[in-house]
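The values are calculated or read from the model by the stated rules, or taken from the named source; none is laboratory data. These numbers come from a predicted model, not from an experiment. A quick note on method: Cβ atoms are made from the backbone with ideal geometry, for glycine too, and the neighbour counts reach across all protein chains shown.
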Amino acid sequence: MQDKDTLTGGMPAVNDVEGKRVPKGIPSVVDAHVHVFPEAIFSAIWKWFDNHAWPVRYRMNARNLLDFLFDRGVQHVVALQYAHKAGIAEELNLFMTDLCSSVAGRVTGLAAVFPGEPGAAGILGRAFESGLAGVKLHAHVQCFDLNSPEMEEIYRACEDAAKPLVVHAGREPKSPAYSCDPYDICAAEKIRKILDKYPGLRLCVPHLGADEFEEYAGLIREYDNLWLDTAMAVTDYLPVDNPVSLAEMRADRVMYGSDFPNIPYAWDRELKELAAAGFSENMLEKLLWKNACDFFGIEL
């Protein structure tokens with residue numbers, strides 16, 4: 001682990017050196033976990049991170065952060081956002097649609113919705129009609145139980161439209177600053193219930209399901225409609241131990257994601273870890289682009 005500077009009230013920054021391009025020997029790269037928000041919301045998020053999580057190293061607007069990644073060799077980005085309260089999803093979805101149009105063919109944008117808000121299914125229907133390719137939810141921020149009644153409308157909307165759903169459903173990283181306890185509303189067994197009830201739903205859980213790594217490694221072996229992404233979980237940063245190596249996990253159900261720009265270390269830290277892991281070319285291709293293309297329906 002790199003030397004770190006501890007910040008009062010949060011996790012440390014990492015002063016590692018960033019590369020100018022994706023590491024040598026890396027095949028095509030689809031980053032399946034990149035956050036984009038309007039500038040005012042980004043500023044509020046970064047302030048929250050400063051106070052309760054870690055210092056965000058890359059602070060730039062949505063279009064600039066996309067160009068940053070493209071200029072360094074990332075070929076395609078899956079752009080994520082979430083509505084932290086009811087009533088703003090339509091505005092966020094319009095923002096995402098416009099952003100995707102500005103870089104046509106290089107960004108797959110997901111829709112936002114606040115679970116339980118009036119007309120949630122209609123909000124998603126309009127987002128899908130506008131070209132957005134799926135949905136992103138964050139249980140910790142939005143404070144919904146994965147098996148709550150208001151979630152059923154969203155699961156059905158995604159299943160009926162054949163659109164993938166990305167849900168931060170792992171219990172970590174949690175914070176006492178959240179207005180709910182992630183350990184009360186998130187669990188691998190709750191995801192199992194969703195997969196059983198909605199077999200046509202394609203679902204991705206980020207961060208390898210932290211901290212229930214073993215449970216999620218088992219679930220992707222058991223269910224063909226579940227994927228995981230690697231965001232921040234293979235960078236030796238999060239304060240949770242992962243007893244499961246990527247080499248032991250189902251190779252066609254794990255995809256690379258960076259969590260850019262809301263990271264406290266170099267943009268390519270995770271790519272360097274993956275490049276140095278000794279994976280076969282076939283395994284790297286699956287991790288770094290093929291699995292994301294399969295899940296999100298991306299054509300490079």
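Would you be able to tell me the number of residues in region 252-292 that are touching a residue at least 60 places away in the same chain (Cβ under 8 Å), of a type in the set (D, E, K, R) and within 18 Å of HIS35 (Cα to Cα)?
Looking only at that region, the number is 3.
Take the residues in region 47-66 that are part of a helix (DSSP H, G or I) and aliphatic (A, V, I, L, M), then tell me which one is surrounded by the fewest Cβ atoms within 10 Å (Cβ to Cβ). Even if it seems obvious, please write down each step before you answer.
Residues of region 47-66 that are part of a helix (DSSP H, G or I), as a first pass: 47-52, 62-66.
Those left that are additionally aliphatic (A, V, I, L, M): 62, 65-66.
On the way: ALA62: 23, LEU65: 21, LEU66: 24.
Across region 47-66, the extreme among qualifying residues is LEU65.
Considering region 148-193 alone, what residues qualify as being assigned to a helix (DSSP H, G or I) and of a type in the set (Lys, Arg)? Don't jump to the end; show me each part of the working.
Narrowing region 148-193 to residues assigned to a helix (DSSP H, G or I): 149-161, 182-185, 188-193.
The answer is ARG156, LYS190, ARG192, LYS193.
Select from region 15-51 the residues that are of a type in the set (Val, Ile, Thr), out of contact with any Gly (no Cβ under 7 Å at 6 or more places or on another chain) and modelled with pLDDT of 95 or more and list them in ascending order. Step through it out loud before you land on a result.
Start the filter on region 15-51 by keeping residues that are of a type in the set (Val, Ile, Thr), which leaves 17, 22, 26, 29-30, 34, 36, 41, 45.
The next check asks that each one be out of contact with any Gly (no Cβ under 7 Å at 6 or more places or on another chain); those that pass are 17, 26, 30, 34, 36, 41, 45.
The answer is VAL17, VAL30, VAL34, VAL36, ILE41, ILE45.
Taking region 13-33 only, how many residues are of a type in the set (D, E, K, R), within 22 Å of the chain's Cα centre (by Cα) and either surrounded by 15 or more Cβ atoms within 10 Å (Cβ to Cβ) or outside any loop (DSSP other than H, G, I, E, B) (or both)?
Number satisfying all stated conditions: 1.
Okay, residues lined up against (1) more than 17 Å from ALA292 (Cβ to Cβ); (2) buried (at least 18 other Cβ atoms within 10 Å of the Cβ):
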residue: GLY134; (1), (2): no, yes
residue: LYS163; (1), (2): no, yes
residue: ALA187; (1), (2): yes, yes
residue: LYS193; (1), (2): yes, no
residue: ARG202; (1), (2): no, yes
residue: GLU222; (1), (2): yes, no
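Does region 131-144 contain at least one residue that is closer than 30 Å to PRO176 by Cβ and part of a loop (DSSP other than H, G, I, E, B)? Lay out the reasoning, then the answer.
Filtering region 131-144 for residues closer than 30 Å to PRO176 by Cβ gives 135-144.
Still in the running and part of a loop (DSSP other than H, G, I, E, B): 143-144.
Yes, some residue in region 131-144 is closer than 30 Å to PRO176 by Cβ and part of a loop (DSSP other than H, G, I, E, B).
What are the residues in region 246-300 that are basic (Lys, Arg) and part of a helix (DSSP H, G or I), if any?
The initial filter retains those residues of region 246-300 that are basic (Lys, Arg), namely 250, 253, 269, 272, 286, 290.
Answer for region 246-300, where residues must be basic (Lys, Arg) and part of a helix (DSSP H, G or I): ARG253, ARG269, LYS272, LYS286, LYS290.
Which residues, counting only those in region 96-107, are of a type in the set (A, V, I, L, M, F, W, C), in contact with a strand residue (DSSP E or B) (Cβ under 9 Å, 6 or more places away or on another chain) and either part of a helix (DSSP H, G or I) or free of Cβ contacts under 8 Å to residues at least 24 places away in the same chain (or both)?
Our first condition is that a residue be of a type in the set (A, V, I, L, M, F, W, C); within region 96-107, this holds for 96, 99-100, 103-104, 107.
Applying the additional criterion that residues be in contact with a strand residue (DSSP E or B) (Cβ under 9 Å, 6 or more places away or on another chain) yields 96, 99-100, 103, 107.
If the condition is that a residue be of a type in the set (A, V, I, L, M, F, W, C), in contact with a strand residue (DSSP E or B) (Cβ under 9 Å, 6 or more places away or on another chain) and either part of a helix (DSSP H, G or I) or free of Cβ contacts under 8 Å to residues at least 24 places away in the same chain (or both), then MET96, LEU99, CYS100 are the ones that fit.
Can you confirm whether region 249-268 contains a residue that is surrounded by fewer than 20 Cβ atoms within 10 Å (Cβ to Cβ), of a type in the set (Ser, Thr, Tyr) and at pLDDT 95 or above?
The answer is no, given that none of the residues of region 249-268 is surrounded by fewer than 20 Cβ atoms within 10 Å (Cβ to Cβ), of a type in the set (Ser, Thr, Tyr) and at pLDDT 95 or above.
Given (1) in a loop (DSSP other than H, G, I, E, B); (2) over 17 Å from the mean Cα position of the chain (by Cα); (3) closer than 17 Å to PRO164 by Cβ, identify the lone condition not met by GLY125.
Failing condition for GLY125: (1).
Could you tell me which numbered condition PRO115 fails, if it satisfies all but one of (1) out of contact with any Pro (no Cβ under 6 Å at 6 or more places or on another chain); (2) not in a loop (DSSP other than H, G, I, E, B)?
Unmet for PRO115, out of (1) out of contact with any Pro (no Cβ under 6 Å at 6 or more places or on another chain); (2) not in a loop (DSSP other than H, G, I, E, B): (2).
Residues are listed down the side, and each one gets a yes or a no for (1) closer than 14 Å to TYR265 by Cα; (2) aromatic (Phe, Trp, Tyr); (3) in contact (Cβ under 8 Å) with a residue 24 or more places away in the chain; (4) out of contact with any strand residue (DSSP E or B) (no Cβ under 6 Å at 6 or more places or on another chain):
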position: VAL17; (1), (2), (3), (4): yes, no, yes, yes
position: LYS20; (1), (2), (3), (4): no, no, yes, yes
position: PRO23; (1), (2), (3), (4): no, no, yes, yes
position: PRO38; (1), (2), (3), (4): no, no, yes, yes
position: SER43; (1), (2), (3), (4): no, no, no, yes
position: LYS47; (1), (2), (3), (4): no, no, no, yes
position: ALA53; (1), (2), (3), (4): yes, no, yes, yes
position: MET60; (1), (2), (3), (4): no, no, yes, yes
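For region 67-95, which residues satisfy the criterion of being touching a residue at least 60 places away in the same chain (Cβ under 8 Å), buried (at least 18 other Cβ atoms within 10 Å of the Cβ) and in a helix (DSSP H, G or I)? If you could, list the steps in order and put the result at the bottom.
Pass one, region 67-95, residues touching a residue at least 60 places away in the same chain (Cβ under 8 Å): 68-69, 72, 75-76, 78, 80, 82.
In the following step, the residues that additionally are buried (at least 18 other Cβ atoms within 10 Å of the Cβ) were identified as 69, 76, 78, 80, 82.
Residue satisfying the conditions is LEU69 alone.
Contact list please: Cβ distance under 7 Å, first residue in region 114-126 and among the hydrophobic types (A, V, I, L, M, F, W, C), second residue at pLDDT 95 or above and assigned to a loop (DSSP other than H, G, I, E, B), pairs at least six apart or on different chains.
Close Cβ pairs satisfying both conditions: PHE114/ALA83; PHE114/LYS85; PHE114/ALA86; ALA120/VAL113; ILE123/VAL113; LEU124/VAL113.
Out of GLN142, GLN81, GLN75, which single residue is over 20 Å from ILE45 (Cβ atoms) and of a type outside the set (D, E, K, R)? I'd like the intermediate steps shown before the answer.
Numbers: GLN142 fails: over 20 Å from ILE45 (Cβ atoms); GLN81 fails: over 20 Å from ILE45 (Cβ atoms).
Just one listed residue meets the conditions, GLN75.
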